[in-house]
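Report on the following structure.
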Amino acid sequence: MRIEARYNIQDILTKLAQLGVFTIKDAVKATGLKEIEVKLLLPKLRKRGFIERIEKGKYFVIPPKIDITLNEYIVANLLVKPSAVAYWSALSFHEFTEQIPQITYVQTTSRKKKQELEIFGIKYKIVRIKPEKFFGFQYVWIESYFGRFRVCVTDKEKTIVDCLDKPRYCGGIAEVIKALETRNYNVKRLSEYAIRLGNSAVIRRLGYLCDALNIEIELPQVKTRNYVILDPTLPKQGKVVSKWRIIDNVGVLDESQ
């Protein structure tokens, strides 16, 4: 039996479209159908090109005669809760880099079975962190065909310290240097965030880079005999800087002199 014969498809699609993005439970509530009916109907609607799946259990209605997909920041915030657009994606959002990341980075405290996904041709990387490191956000509204979506992004200062914490997710320390050189951030908050993150490597990397770039910032001296690599994505070789217990394998001082 054709699905049109059992349901008023246009009425169902109209109700679902009003939700923007919806789950199976959302669809049950909006349409008045039973859960088993929704579970049987959605795959058929998708096959007919009426709806598209973001990931398992999350869908949106495709407007007729319009080739459209959701903004990657909107999708990123829908993949896991709580979440924030972070790392290289946040650097791009704040215009700290001219590079266009090929992956959208999502930060969360929740477990996600798949950390790497591809949705509508866009790759997503979900990075799980400890709850105490999940802070420093701003919320922005993004317009789409389906309405306005409130999206969470790490703020400028948190983006910088996050990238110092995990340089592999931002393209390396070179991208952090670009961000610091803009001076478009609050130095005091940057210092507070670096300390709050609880990673001595972040404090040392930030302190060293600020010295090299002549940025005045107050940071505690880390008492340790161990040295940390400035950029873990590069070979472990370079100048040894005793003040910050850093091995400069990027050559920051050479470039700044």
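Taken over the stretch 161-181, residues that are out of contact with any His (no Cβ under 9 Å at 6 or more places or on another chain) and over 19 Å from ILE126 (Cβ atoms) amount to 11. With ILE173, ILE160, ILE195 as the choices, which residue is surrounded by 21 or more Cβ atoms within 10 Å (Cβ to Cβ) and in contact with a Pro (Cβ under 8 Å, 6 or more places away or on another chain)? None of the others qualify; the one that does is ILE173.
Under the condition of being within 26 Å of ILE217 (Cβ to Cβ) and of a type in the set (Gly, Ala, Ser), the residues counted in the stretch 122-167 number 1.
Just to be sure I understand, how many residues within the stretch 141-198 are of a type in the set (A, V, I, L, M, F, W, C), over 15 Å from GLN107 (Cβ atoms) and in a helix (DSSP H, G or I)? Step through it out loud before you land on a result.
The first filter runs over the stretch 141-198 and keeps only residues of a type in the set (A, V, I, L, M, F, W, C), leaving 141-142, 146, 149, 151-153, 160-161, 163-164, 170, 173-174, 176-177, 179-180, 187, 190, 194-195, 197.
Applying the additional criterion that residues be over 15 Å from GLN107 (Cβ atoms) yields 141-142, 146, 149, 173-174, 176-177, 179-180, 187, 190, 194-195.
From what's left, in a helix (DSSP H, G or I): 173-174, 176-177, 179-180, 187, 190, 194-195.
Within the stretch 141-198, residues that are of a type in the set (A, V, I, L, M, F, W, C), over 15 Å from GLN107 (Cβ atoms) and in a helix (DSSP H, G or I) number 10.
Within the stretch 71-109, the set of residues being charged (D, E, K, R) and closer than 21 Å to PHE120 by Cβ comprises GLU72, LYS81.
Kindly evaluate GLY136 against the criterion of being small (Gly, Ala, Ser) and exposed (fewer than 13 other Cβ atoms within 10 Å of the Cβ).
Working: small (Gly, Ala, Ser): yes; exposed (fewer than 13 other Cβ atoms within 10 Å of the Cβ): no.
In short, no.
In summary, PRO43 fulfils each of the numbered conditions (1) surrounded by fewer than 15 Cβ atoms within 10 Å (Cβ to Cβ); (2) not in a helix (DSSP H, G or I) with the single exception of condition (2).
Selection of the stretch 108-129 for residues being within 14 Å of ARG168 (Cβ to Cβ) and either within 11 Å of the chain's Cα centre (by Cα) or of a type in the set (Val, Ile, Thr) (or both) yields LYS125, VAL127, ILE129. For THR69, the stated conditions hold: it is among the polar types (S, T, N, Q), surrounded by 15 or more Cβ atoms within 10 Å (Cβ to Cβ), modelled with pLDDT under 90 and out of contact with any Pro (no Cβ under 6 Å at 6 or more places or on another chain). Return the residue satisfying two criteria in turn: it lies in the stretch 1-40 and is among the small types (Gly, Ala, Ser) and not in a helix (DSSP H, G or I), and of such residues it is modelled with the lowest pLDDT. Ranking the qualifying residues of the stretch 1-40, first place goes to GLY20.
The values are calculated or read from the model by the stated rules, or taken from the named source; none is laboratory data. The shown structure was predicted, so the numbers you read here are calculated from the model rather than taken from an experiment. Ideal geometry is used to build each Cβ from the backbone, glycine not excepted, and the neighbour counts take in all protein chains shown.
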